[in-house]
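What follows is one structure encoded as structure tokens, with my remarks underneath.
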Amino acid sequence: MITSALANNLESGQKRRSFDLFDCLLFIFFFTQHADLLSFICGGLVIRLVNAFAAITLTIFLIYKRRQLFAFDRGLLLSVAILTLSILLSALFSDYRLRTSLFLARWCVELIFYFIFPYLLMRQYGSKKVLRIYFSVFLVVGCYALLQFLFSLVGVRDPFAKQSFYGHIVRADAFSSEPSFYALYMTPFVIFTSTLFLLQKPDRKRVYFLLFVNILFFVSTATSALFTYLIYFPLVWLFCKQQRRAIYSYLSAFMAALVILAIALPKFSKLFFFKFFNTDFSSHHSFLERWVGMVNGWKIFLSQPFFGVGLGAYPHYLFRRWLEADARYTFLNSAETINALSYPYKAFEPMNTLSEIGASLGILGLFAFGLFFFSFYKAFRRAARNKMNLAFFISALVMLIVLQFNQGLFRCYLWSYLAIAWGYFSNQDRSLGRAITN
């Protein structure tokens, strides 16, 4: 009965309530994408709540749309097919066949749930409604993270908060595993909001909203939030030539805020936002781990340049090299540290997305991902020239650059953002649409 009611809400031409049952399910689907900590164990397997909601929401969507045709960007279909083929070929040539086969299956789930499905929502359900739900989720998640921080100031610690400083003040992470994950989740929304602010006529309400959004971003106290803007300002300067005066004002205000923060809270600033600049940059553990991961990934790529070691096999390959004391690779952790871990492969995870792709999938994988992002760029170029498209493109570009130094490939909210942006581009260029059956 519930499934039928939800499906009925998808009927075109029916007057919908402003927030019907299917919209509620969509809200939960988008909300749980960042929520690594919302999971349960079933049969010894860890099931993330977002996967359960993704399966339910997608099933309802397909039940109703089963007799309709789906419109896709042909470039999207081709690039996704080549990307999946590269992962399959790498799995076939890998020495870690079981591991890479499991990751191939994981990739297919990620692709269907968090890329194809959000894209179809933009094309078939109504882009305005989807965007209204989608962007409201960022505000709700951000407000919850802000409350984590504020409550900790008065001694109330949220049980989902994993890190703190000064003994009790929480580094906000919402339901993510750590603050940097939350910062990466918020990155595209904050950059999208900032770009729209620069492209629109400023007023007091927009200034207050931008300030509030930045508070939601920096409350994580993750250094990646600061580096995001170091990447953002040169890019927006390049793409928004007519707004350079506004960009200069925004940059000046941003730099002034950092100076005031450093003067008012010097210890806090040194510990978090300026930690790389407060010590020898190259020796800081956070940077050093990522640099070593990049170097090891490059060496793996050189040893198996065509198909790589297979998606998911990177840590297993390095773990074997560590056991063999292979002097070609650099290992930061001692034997005591690694042996004490319940899952020792965790110590060998890739720390850079580009080197992970090269080491895991080789030249074929690099080409496939390059084609994918080139197709995304072409979809942007073919779309109408408006503020929303430009804000989507710049925010997606910043997100992808920040991703290189923060996380790996399987961050579902990043794929969803790309899908929603691509769907928005496609909706404004109907010549791209090609109907195919479900």
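The values are calculated or read from the model by the stated rules, or taken from the named source; none is laboratory data. Computed from a predicted structure; not experimentally measured. Cβ placement follows ideal geometry from the backbone for every residue including glycine, while neighbour counts extend to all protein chains displayed.
Taken together, the criteria place ARG411 among residues that are closer than 26 Å to LEU230 by Cα and among the basic types (Lys, Arg). Considered as a group, the residues in segment 374-385 that are among the small types (Gly, Ala, Ser) and in a helix (DSSP H, G or I) include one that is surrounded by the fewest Cβ atoms within 10 Å (Cβ to Cβ), and that residue is SER375. Checking each residue in segment 45-73 for being in contact with a strand residue (DSSP E or B) (Cβ under 8 Å, 6 or more places away or on another chain), surrounded by 14 or more Cβ atoms within 10 Å (Cβ to Cβ) and in contact (Cβ under 8 Å) with a residue 24 or more places away in the chain picks out PHE70, ALA71, PHE72, ASP73. Restricting segment 298-338 to residues that are polar (S, T, N, Q) and part of a loop (DSSP other than H, G, I, E, B), the residue that is surrounded by the most Cβ atoms within 10 Å (Cβ to Cβ) is GLN304. In segment 278-305, the residues that are at pLDDT 75 or above form Cβ pairs under 7 Å with partners that are among the charged types (D, E, K, R) and part of a loop (DSSP other than H, G, I, E, B), at six or more places apart or across chains, as follows: LYS299/ARG328. Taken over segment 299-354, the criterion of being under 17 Å from ARG99 (Cα atoms) and of a type in the set (Asp, Glu) is satisfied by GLU349 alone. Count of segment 215-259 residues, restricted to those that are within 22 Å of LEU390 (Cα to Cα), without any contact (Cβ under 8 Å) to a residue 12 or more places away in the chain and either not polar (S, T, N, Q) or not in a helix (DSSP H, G or I) (or both), is 8.
Listed by position, the helices (runs of 4 or more DSSP H) inside segment 97-214 whose residues that are surrounded by fewer than 16 Cβ atoms within 10 Å (Cβ to Cβ) and not aromatic (Phe, Trp, Tyr) number at least 2 are 97-111, 127-153. In segment 362-400, the qualifying residues are those that are of a type in the set (Lys, Arg) and touching a residue at least 12 places away in the same chain (Cβ under 8 Å), and the one that is farthest from LEU235 (Cα to Cα) is ARG382. Per the conditions (1) surrounded by fewer than 20 Cβ atoms within 10 Å (Cβ to Cβ); (2) under 24 Å from LEU78 (Cα atoms), the sole criterion not satisfied by ALA359 is (1).
For the structure I just gave you, tell me whether LYS387 is more than 18 Å from LEU78 (Cα to Cα) and among the basic types (Lys, Arg). So LYS387 passes the test. Taken together, the criteria exclude GLY370 from residues that are closer than 30 Å to LEU92 by Cβ and crowded, with 16+ Cβ neighbours inside 10 Å.
With respect to ALA262, is the statement that it is in contact (Cβ under 8 Å) with a residue 12 or more places away in the chain, under 23 Å from LYS162 (Cα atoms) and either of a type outside the set (Val, Ile, Thr) or assigned to a helix (DSSP H, G or I) (or both) true? So ALA262 fails the test.
Have a look at MET388, MET399 and point out the one that is buried (at least 24 other Cβ atoms within 10 Å of the Cβ), modelled with pLDDT of 80 or more and out of contact with any strand residue (DSSP E or B) (no Cβ under 9 Å at 6 or more places or on another chain). Spell out how you get there, then give the answer.
Details: MET388 fails: buried (at least 24 other Cβ atoms within 10 Å of the Cβ).
Criteria check complete, one pass: MET399.
Restricting LYS270, LYS241 to residues that are more than 23 Å from SER136 (Cα to Cα), surrounded by 13 or more Cβ atoms within 10 Å (Cβ to Cβ) and over 26 Å from the mean Cα position of the chain (by Cα) narrows the list to LYS270.
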